[in-house]
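A short worksheet on the structure shown next.
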Amino acid sequence: MFTCLAASEELRYPNVFKSRRYNYNLINESIQAKKKNIKKFRIHESGDFFNIIYLKAFINVARLNKDIKFYCYSKSLDLFMTVFLPDNFYMVASYGGKFDYLINQGYFTKYSKVVFSEEEAKKLNLKIDKDDSLCFENKPFALLLHGMQEKGSEAGEALKLIKRKKKLAIA
């Protein structure tokens with residue numbers, strides 16, 4: 001008998017166990033989502049599908065919950081080439097990964113592209129999604145740069161301008 005690596009890590013680092021338990025509970029809760037009156041469910045707030053088995057598990061959850069819209073952003077486009085998504089599963093191909101060529105070749109007509117400004121989105125003829133509503137339409141859209149960016153980088157400077165414009169718009 002032996003202790004596997006995953007189990008030993010959970011024993012060594014209690015937060016690893018807590019994190020894995022939390023994720024496990026989230027997946028189980030999504031299967032029971034009908035009981036909670038959920039109308040739409042975003043798969044991953046951050047992160048992505050790491051293998052085909054994991055993707056198929058979520059496809060099955062969607063099939064079991066036909067009245068819920070499941071949606072996600074993904075750069076793991078290779079995995080989506082081998083599956084059929086149910087009508088209530090909305091996947092947005094995200095530019096910025098090693099499989100961008102699949103978007104460029106037309107395999108994914110709904111995609112998102114991160115832009116550094118509203119002007120860049122206009123030049124690309126892409127509407128900016130501010131509330132995930134464009135995830136349910138079958139066309140490309142833009143996401144305004146977000147998150148943390150390296151200080152002094154082009155992205156960092158662009159993010160400063162975005163935040164400044166938001167403050168001016170609120171004032």
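Read-outs: derived from the displayed coordinates by stated rules, not from any lab. Not measured: the values here are computed from a predicted model. Backbone-built Cβ (ideal geometry, glycine too); neighbour counts: all protein chains shown.
Beyond 20 Å, the tail of the calculated P(r) for region 109-171 holds 31 percent of the Cα pairs.
Computed from phi, the 3J(HN,Hα) profile of region 145-152 under the Karplus parametrisation 6.51, -1.76, 1.60 (θ = phi - 60°) reads 2, 8, x, 9, 10, 5, 4, x Hz, with x in place of Gly and Pro. In the set (1) 19.0, 65; (2) 15.0, 47; (3) 16.5, 53, the label that goes with Rg and Dmax of the Cα atoms in Å computed for this structure is (1). Around the amide H of Y90, modelled in the peptide plane, lie the amide H atoms of F70, Y71, C72, all under 5 Å away and 5 or more residues distant in sequence or on another chain. Put simply, the amide H of I128, placed in the peptide plane, has neighbours under 5 Å in A142, leaving out anything fewer than 5 places away on its chain. Per-residue 3J(HN,Hα) values for region 94-102, derived from phi via the Karplus relation 6.51 cos²θ - 1.76 cosθ + 1.60 with θ = phi - 60°, read 9, 5, x, x, 6, 10, 4, 4, 5 Hz in sequence order (x marks Gly and Pro). Mind jotting down the distance between the C-alpha centroids of region 61-134 and region 142-165, whole Å? Comparing the Cα centres of region 142-165 and region 61-134, I get a distance of 22 Å. Label point of E119 set 7 angstrom out along Cα-Cβ; within region 144-166, amide nitrogens under 13 Å from it belong to 158, 161-162.
Can you give me the span-like helices of the chain, meaning DSSP H runs with 15 Å or more of Cα extent along the axis and Kyte-Doolittle mean at or above 0.5?
Those that pass (Cα extent of 15 Å or more, hydropathy at least 0.5) are 52-64.
As a length-normalised measure over Cα pairs under 8 Å and 6 or more apart, the relative contact order of region 109-171 settles at 35 percent.
Would you pull out the residues with amide H under 5 Å of K40's amide H, same chain only if 5 or more places away, H placed 1.01 Å from N? Answer set, sorted by chain and number: K69.
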